[in-house]
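The next block holds one structure in the form of C-alpha cells; read it before the comments.
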Amino acid sequence: MDTGHDDRLSPLEKEIVTHLFVINPTRAVDLGLHEYDGRLPDLSRESSDRWVATAKELREQLDRIPETELPTPRRYDRRLLRLLLETTLFNIEEVRAPLRNPMGYLRQIDLTNYVIRDYAPVDDRAEAVGRLMDAFPAVLEAGRQRLEPVLPRPFVTLSIRIAEGLPSHFEEGEAFASGASASVRDGVRAAAKRAAAAARSFGAWLRTERLTQANDDFALGTERFQRLLRVREGLALTVSDLWARGREDLKRNQERLHEIARREGATVESLIRRLHDSHPTPAELVPLVRRLTDEAREFVRQKDFVTVPEPQNCLVRETPPFARDLWTAACSSPGPFEKTVDGVYWVTGVDPSWAPEQAEGWLRTLNHAKLKNITIHEVWPGHYLQRLHSRASAQSLTRQVWSSPSFSEGWAHYCEQAALEAGYDGGSVSAAVSQLHDALLRDCRLLASIGMHTRGMSVTDAANLLRTEGYLEEVTAQREAIRGTYNPEYFCYTLGKLEILNVRSKYLTSKFHGSLKAFHDALLGFGAPPVGYLDSLVAGA
C-alpha cells in the first residue's frame, strides 16, 4: 500500500488508512487489498474504545500539520483524511450504530470478492473464506453483548431477514470451495456450518429478545443530520436548504412527466402503468439484463459519451438470498488495488416464497424500460465504468480509499438523464417516462430521509409520499420507506446529481469547450470526491 508521495503527510496518511482498515477490513478487500483477506474486525466494546482513542490521536496529529506546508493536492488529501476519521467516529459516537443497529454486525461478512474474482489460487481464496466464517460467530457475540435492549424496529426486522438469508450465502462459499483441495474444502464446510448456526441463532435472539421491545426511535435528528452532511460530503448546506432543493427537483421532474402525458393524451398513472405492464417473466429476467448490459456498453462507445478503459468485464447474476432485502439491483465493481477488472451486476428476482400477486408486483417494478434505466445506472456508464476510471487514474492513497456516496450515486443517477439527452433508446417515450419515474423515486428518497430523520415523518408517511409523489406501487414504496430508516444517506442520489449538473452548467463551455466527453473524463478522474469539494476541483482550485 504505497502512498505515492514523499512529504510530511505521507507517513500519517498510511497510518490513518491502516487504522481505518482495522475496524473495516472488508472495505480493504473491496478495494483490492488482499493482505486483509479472511479478516473480520474485533467489535467488542474494549476493542472499539481502543480504536476510537487511537483515531482521535491520529486526528490531533493531522491537525498539527499546517496546510501551508503541503503542496496544493496534498492539502485536499489532508482534508479527506480528516473526513475519513470523522465519518467513522460519527458513526460510533454520535449515531451509536454499534449499540443500536444489528445490521452492523451481520453485514461484516461478504464472500463475494473471494468467489467472483480470480485474483489468487482457489485454495488461497477458499482458505480466506473459511477464516471469515470461523470469525463470524465472535462478531455476532459482540453484537449480543453490545446492542441495547430497546432498538429501532425497522433495524431489527430487517436484521432478522438478513440473518435468515446468510446461511445460503455461506453455502455459496462452500460451493466455491468444492474446487479447492480436500483439506481446505473440509475446513470451509465445517466453518460454513458454524457460521450458519451462529446467524440463525442471532436471528432467533433478535426475534425473541429484541423485537418484542423494539420501538420506532430511529431518527438522527436535525443536528446529527447536519453533521452527516459535513463529515460525509464536506457540505455546509443546511438541512432546510437540502429539503428545498429536493422539493424543487421533485416539482421539475413531475412537470416534465405531466408534459409527456399531455403530449401522449394520457395520464401520468396510465403512462407508468403501461411501463409496468411490459415486464419479463422470472426466467427471462437475467438473460434480458445481460443483453441490455451489452447494448448500454455499445451506446456509450457509439455516442463517445465517456472514455471506456480497457480491459473490462461485468458479469450479470441474480442477487443472492441474503441480500434480497437490501437492494433491487447493485453493482459489485473492482477496487483501485484489485488485480482483476471483473464486476458483478446483481439483479433481484422473484423470491420463491412470495405469493403470486407479490411476485407480479415485483416484476412490474422491474419492467423492460426500468431495467434499461437501471443498467445505465449500475454498469454503463454508471457505477462499473466509474470504478474503471478510478483504477485507471493516478490517485493518492487517500483518494483511492475515499468514496463519496453522493458522488458515486450522483454520477450514476446523472448518467440516466445524460444518456437520455444523448439519445439512449432512441429517445423513446418509455425511456423518458422511466428515467423521470426513477428521478422522482430519488427525489422522494431525499425528502423521506429528511422527513423521517428531522421532521417527525413516520415510515407510513414516507411510504405514502413515495407512492403518491413518486408513483410507486405499494410493495416498493414500503420497501423504500424502510430503507430510509437505516440508510438516511439515500438522499445521495439527488444531491450528487444536482451538484454534478451544477458544475456542468458552470464549466462545460468555459473549461471543456462544450465537450461532454472531456467533462465526464475529468469528473471521473477525481475518483469519488465529497460533493462539497466538487466545484473547486472542477475549477482547478
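Could you tally the net charge around Asn91, taking each other residue with its Cβ under 12 Å from the Cβ of Asn91, Lys/Arg +1 and Asp/Glu -1?
Neighbour charge sum, excluding Asn91 itself: +1.
Could you tell me how far the Cα centroid of the range 147-185 sits from the Cα centroid of the range 315-356, in Å?
15
Once the range 260-329 is represented by equal point scatterers at the alpha-carbon sites, with solvent omitted, what log10 I(q)/I(0) does the Debye formula produce at q = 0.13 Å⁻¹?
Debye curve over Cα of the range 260-329, log10 I(q)/I(0) at q = 0.13 Å⁻¹: -0.67.
At 222 nm, what value in deg cm²/dmol follows for the chain if DSSP H runs of at least 4 each add -39500 (n - 2.57) and the sum is divided by all its residues, to the nearest 500?
Helix contribution divided over all residues of the chain: -20500 deg cm²/dmol.
Can you sort Asp216, Asp37 so the residue with the fewest Cβ neighbours within 10 Å comes first?
Ascending number of Cβ neighbours within 10 Å: Asp216, Asp37.
Quick check on the exposure proxy: order Ser393, Ser406, Ser430, Ser332 from fewest to most C-beta atoms within 10 angstrom.
Working: Ser393 16, Ser406 30, Ser430 19, Ser332 23.
Fewest to most other Cβ atoms nearby, the residues stand as Ser393, Ser430, Ser332, Ser406.
Which residue, Leu447, Asn91, His383, has the largest displacement toward the positive end of the dipole of the chain when charges sit on each Cβ (Lys, Arg +1; Asp, Glu -1)?
The one lying farthest along the dipole's positive direction is Leu447.
Using a ≥ b ≥ c from the Cα gyration tensor of the range 1-153 (square roots of the eigenvalues), is it rounded, prolate or oblate, where a/c under 1.5 gives rounded and otherwise the larger of a/b and b/c decides, a/b for prolate?
Judged from the Cα gyration tensor, the range 1-153 comes out oblate (a/c at least 1.5, b/c at or above a/b).
Quick query: amide H of Cys314 versus all other amide H atoms, modeled in the peptide plane; which residues come in under 5 Å with a sequence gap of 5 or more or a different chain?
Amide H to amide H, under 5 Å and 5 or more residues apart or across chains, Cys314 pairs with Gly343.
Would you tally the net charge around Tyr345, using a Cβ to Cβ cut-off of less than 15 Å, leaving Tyr345 out, and scoring K and R as +1, D and E as -1?
Neighbourhood net charge equals +3.
Take every Cα-Cα distance within the range 227-539, group them into 20 Å bins from 0 onward, and report for each bin the whole-number percent of pairs it holds.
Histogram of Cα-Cα distances, whole percents per bin: 33, 62, 5.
Over 25 Å between C-alpha atoms is what I'm after, so list which of Lys303/Lys370; Lys14/Lys497; Lys497/Lys517; Lys339/Lys517; Lys339/Lys372; Lys372/Lys517 land there. Kindly include the intermediate steps, with their values, before the conclusion.
Values: Lys303/Lys370 21 Å; Lys14/Lys497 32 Å; Lys497/Lys517 17 Å; Lys339/Lys517 27 Å; Lys339/Lys372 29 Å; Lys372/Lys517 21 Å.
Distance filter (> 25 Å) returns Lys14/Lys497; Lys339/Lys517; Lys339/Lys372.
Evaluated at 10 °C with a viscosity of 1.306 mPa s, what Stokes-Einstein diffusion coefficient in µm²/s does the range 142-300 have when Rh comes from the Kirkwood expression over alpha-carbon pairs?
Numbers: Rh = 21.7 Å.
The calculation lands on 73 µm²/s.
Sort Trp243, Trp346 so the one with the fewest other Cβ atoms within 10 Å of its own Cβ comes first.
Fewest to most other Cβ atoms nearby, the residues stand as Trp243, Trp346.
When DSSP beta bridges are limited to those with both residues in the chain, what percentage is antiparallel, rounded to the nearest 5?
That works out to approximately 35 percent antiparallel.
Using the Karplus curve 6.51 cos²θ - 1.76 cosθ + 1.60 with θ = phi - 60°, what ³J(HN,Hα) values do you get for each residue of the range 457-464, in whole Hz, with x for Gly and Pro?
Values per residue, Gly and Pro as x: 6, 7, 4, 5, 4, 5, 5, 5 Hz.
If you count, for each residue, the other Cβ atoms within 10 Å and average over each peptide, how do 350-361, 195-206 line up from highest to lowest?
On the way: 350-361: 12.2, 195-206: 19.8.
For the peptides 350-361, 195-206, the packing ranking is 195-206, 350-361.
Using Cα pairs under 8 angstrom and six or more residues apart, how large is the relative contact order of the chain, in percent?
16
Each residue of the range 17-23 in order: what ³J(HN,Hα) in whole Hz does its phi give by Karplus 6.51 cos²θ - 1.76 cosθ + 1.60, θ = phi - 60°, with x for Gly and Pro?
With the stated coefficients, the range 17-23 comes to 4, 4, 5, 4, 6, 4, 8 Hz.
Taking the Cα centre of the chain as the origin, how large is its charge dipole in debye, to the nearest 20, when only Lys and Arg (+1) and Asp and Glu (-1) carry charge on their Cβ atoms? Display every interim value, and only then the final one.
Details: 69 positive and 75 negative charges, 124 e Å.
Charge dipole of the chain: 600 debye, to the nearest 20.
If you add up the charges near Gln435, with Lys and Arg at +1 and Asp and Glu at -1, over every other residue whose beta carbon is less than 10 angstrom from its beta carbon, what do you get? Intermediate values should be presented prior to the final figure.
Working: positive: Arg256, Lys370, Lys372; negative: Glu416, Glu421, Asp425, Asp438.
In short, -1.
If one puts a single equal scatterer on every Cα of the chain and applies the Debye formula without solvent, what log₁₀ I(q)/I(0) results at q = 0.05, 0.07, 0.10 Å⁻¹?
These q points yield log10 I(q)/I(0) values of -0.19, -0.39, -0.85.
Throughout, read-outs are computed from the coordinates displayed, never taken from laboratory work. Quick caveat: nothing in here was measured; it's all calculated off a predicted structure. All Cβ positions, glycine included, derive from the backbone under ideal geometry; neighbour counts span all protein chains shown.
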